[in-house]
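The values are calculated or read from the model by the stated rules, or taken from the named source; none is laboratory data. What you are looking at is a predicted structure, and each value in this text was computed from that prediction instead of being measured. Backbone-built Cβ (ideal geometry, glycine too); neighbour counts: all protein chains shown. Accessible surface is based on the protein model in full, side chains and every heavy atom, while ligands, DNA and RNA are left aside. Shrake-Rupley method; radii C 1.70, N 1.55, O 1.52, S 1.80 Å.
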Amino acid sequence: MADDPVLFKAISDPTRRLILDELTERDGQTLFEICGRLSMKHGLGSSRQAISQHLAVLEEAGLVITRREGRYKFHHIDTRPLHSISERWPMTREEPRS
Amino acid sequence: MIRIHVTSVLVDDQAKALEFYTEKLGFIKKTDLPAGEARWLTVVSPAAPDGVELLLEPDTHPAARAFKEALVADGMPYTQFAVDDVQAEYERLTALGVTFTQPPTDYGMVVVAVLDDTCGNLIQLVQLTSTDGG
């Protein structure tokens, strides 16, 4: 559970949760697209630098993975770290996993 | 009255740029004159042959390529063109082998997409879907 503080800090911020929402809607976005979605769809006034820092926090928590493709850089969501939450506090009525 | 008559994109190769901007994007060549080591090379939209010219300008300044590469890495277009239907252009250009770093994205008032012009630039296509502000 050593990584928990990083994970919970990452999802504690509403802007970072919005970034994860947008990556869930369409995975694999440039920084420009993420900034555009936050400002155009959600009216956020965050600077590109601020969004970049949010992405760094998400990346540190393992929730976002960046992929270089040639000269471009794309951001992908990875929800695997979230599994540790349900493993720590299992849902009692959850059907057994195979 | 002051007017905009030319705007420019910094391209790594003028001949390649002319081919891409005419044969793929659909502009037409307007002016092609020798200008020192390079050419004064402009294209216009067929919808406005006497309108604003786009100058395909060499990116030979030492700072230009670093600037362009930094923008491309973050997916940022520095130039944008208007189209009637972003989705249709996306499909037409993709079929022609054009790479998009951002597929059509609907922001409500606008639909945008971002393509690579193969000359070191990302270009945003914009379709205005509403002019009433909401």
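Only bridges with both residues in the protein assembly as shown count here: give the DSSP antiparallel percent, nearest 5.
Among the beta bridges of the protein assembly as shown, antiparallel pairing accounts for roughly 75 percent.
To the nearest 0.05, what FRET efficiency results for B:Arg65 and A:Thr92 with a Förster distance of 45 Å applied to their C-beta separation?
0.15
Using a 1.4 angstrom probe on heavy atoms only, work out the carbon and sulfur share of the accessible area of chain B in %.
Looking at chain B in its full context, I get 55 percent from C and S.
Pull up the DSSP beta bridges for the stretch B:40-134 and report the antiparallel fraction as a percent, rounded to 5.
The answer is about 75 percent antiparallel.
In the stretch B:18-109, which GluC sites (Glu not before Pro) are in a loop and have at most 13 other Cβ atoms within 10 Å, using DSSP for the loop call?
Loop-located and lightly packed - B:Glu37.
So if each residue of separation counts as 0.36 nm, and I subtract the Cα-Cα distance between A:Ser12 and A:Arg80, what length gain in nm does that give?
Extending this stretch completely gives an extra 22.8 nm.
Just to be sure I follow: if Rg is taken over the C-alpha atoms of the stretch A:4-88 and Rh is the Kirkwood radius over the same atoms, what is Rg/Rh?
Across the stretch A:4-88, the Cα-based Rg/Rh ratio is 0.96.
Give me the summed buried accessible area for the B-A pair, 1.4 Å probe, to the nearest 100 Å².
Rounded to the nearest hundred, the buried surface is 1500 Å².
For a paramagnetic label modelled at 7 Å from the Cα of A:Glu25 toward its Cβ, which residues of the stretch B:90-134 fall within the zone defined by backbone nitrogen distances under 15 Å?
Counting only backbone N, you get B:103-113.
Taking R0 as 30 Å, what FRET efficiency do you get between B:Trp40 and B:Thr129 from their Cβ-Cβ distance, rounded to the nearest 0.05?
According to the calculation, E is roughly 0.25.
Sort the stretch B:86-127 into rounded, prolate or oblate with this rule: let a ≥ b ≥ c be the square roots of the eigenvalues of the Cα gyration tensor; rounded if a/c is under 1.5, and if a/c is not under 1.5, prolate when a/b is larger than b/c, oblate otherwise.
It is oblate, given that a/c is not under 1.5 and a/b is not larger than b/c.
Compute the label zone of A:Asp4 within the stretch A:57-76: residues whose backbone N is under 19 Å from the point 7 Å along Cα-to-Cβ.
A:61-63
Let me know the longest stretch in chain B that avoids all chymotrypsin sites (Phe, Trp or Tyr not before Pro) found in a DSSP loop with at most 15 other C-beta atoms within 10 Å.
Segment B:1-77 is the longest.
Which percent of the accessible area of the stretch A:4-88 is formed by carbon and sulfur heavy atoms (probe 1.4 angstrom)?
52
Using a Debye calculation, one point per C-alpha and no hydration shell, please list log10 I(q)/I(0) for the protein assembly as shown at q = 0.09, 0.12, 0.14 Å⁻¹ in order.
For the requested q values the scattering log ratios are -0.49, -0.77, -0.97.
Express the accessible area of the protein assembly as shown per residue in Å², computed with a 1.4 Å probe while the remaining protein chains stay in the model.
Accessible area per residue, the protein assembly as shown: 58 Å².
What percentages make up the Cα-Cα pair-distance distribution of chain B when the bins are 5 Å wide from 0?
2, 10, 18, 22, 20, 16, 8, 3, 1, 0
Over all residues in A:25-35, what is the mean tally of Cβ atoms on other chains that come within 10 Å of each residue's Cβ?
5
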